[in-house]
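Working notes for the structure below.
Just so it is clear, none of the values below were taken in a lab; they were calculated from the coordinates. Predicted, not measured: the structure shown is a model, and the values here were computed from it. Counting neighbours? That spans all protein chains shown, and the Cβs are built from the backbone with ideal geometry, glycine included.
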């Protein structure tokens with residue numbers, strides 16, 4: 001799968017399906033999440049910040065599966081907990097998804113995840 005195919009799939013979606021490995025159980029867990037793409041970088045923000053279970057699982061494994069439409073891949077995940085960087089990601093989410101919806105669904109702004117597309 002080429003980079004253009006990945007970008008097209010992401011650009012036509014509002015959310016991704018992510019799959020993480022449970023840090024205690026070792027089982028796969030999947031959930032839909034909003035995202036923001038900038039070039040080859042994808043940002044994710046857990047709705048409950050660092051308290052979100054999928055985020056805690058990413059902290060341990062540093063890997064995440066993403067799928068959108070017919071595109072699926074597993075890539076490295078880089079957790080972000082620096083307040084300024086998380087705030088910058090939150091601003092990107094507000095711009096893409098709307099201030100009111102981000103305020104409605106996101107309760108903590110202390111964590112994000114950066115993914116680098118191939």
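Build a GNM of the chain with springs between Cα atoms under 10 Å: which of 44, 16, 73 gets the top mean-square fluctuation?
Among 44, 16, 73, the largest mean-square fluctuation in the Gaussian network model of the chain belongs to 73.
Pairs of alpha-carbon atoms within less than 8 angstrom and 6+ residues apart define the contacts here; what relative contact order does segment 72-118 have, in percent?
Once normalised by length, the contact order is 63 percent.
Please find, in a Gaussian network model of the chain (springs between Cα atoms separated by less than 10 Å), the residue of 70, 40, 56 whose mean-square fluctuation is greatest.
Result for the chain, Cα springs under 10 Å: 70 fluctuates most.
Can you tell me the relative contact order of the chain? Whole percent, Cα pairs under 8 Å, sequence separation 6 or more.
Over the chain, the number comes to 30 percent.
Between 29, 43, 93, which gets the highest mean-square fluctuation from a Gaussian network model of the chain, Cα cutoff 10 Å?
Looking only at 29, 43, 93, the biggest GNM fluctuation is shown by 29.
Taking only DSSP H segments of four or more residues, each worth -39500 (n - 2.57), what value at 222 nm results for the chain once the sum is divided by all its residues, to the nearest 500 deg cm²/dmol?
-10000 deg cm²/dmol
Report the dimensions of the chain along its three principal axes from the alpha-carbon atoms, largest first, rounded to Å.
Answer, in whole Å and largest first: 35, 35, 22 Å.
Report the per residue volume, in Å³, of the convex hull enclosing the C-alpha atoms of segment 49-102.
With only Cα atoms used, segment 49-102 gives 109 Å³ per residue.
Kindly put 105, 55 in sequence by how many other C-beta atoms sit within 10 Å of each C-beta, fewest to most.
Final ranking by Cβ density, sparse to dense: 105, 55.
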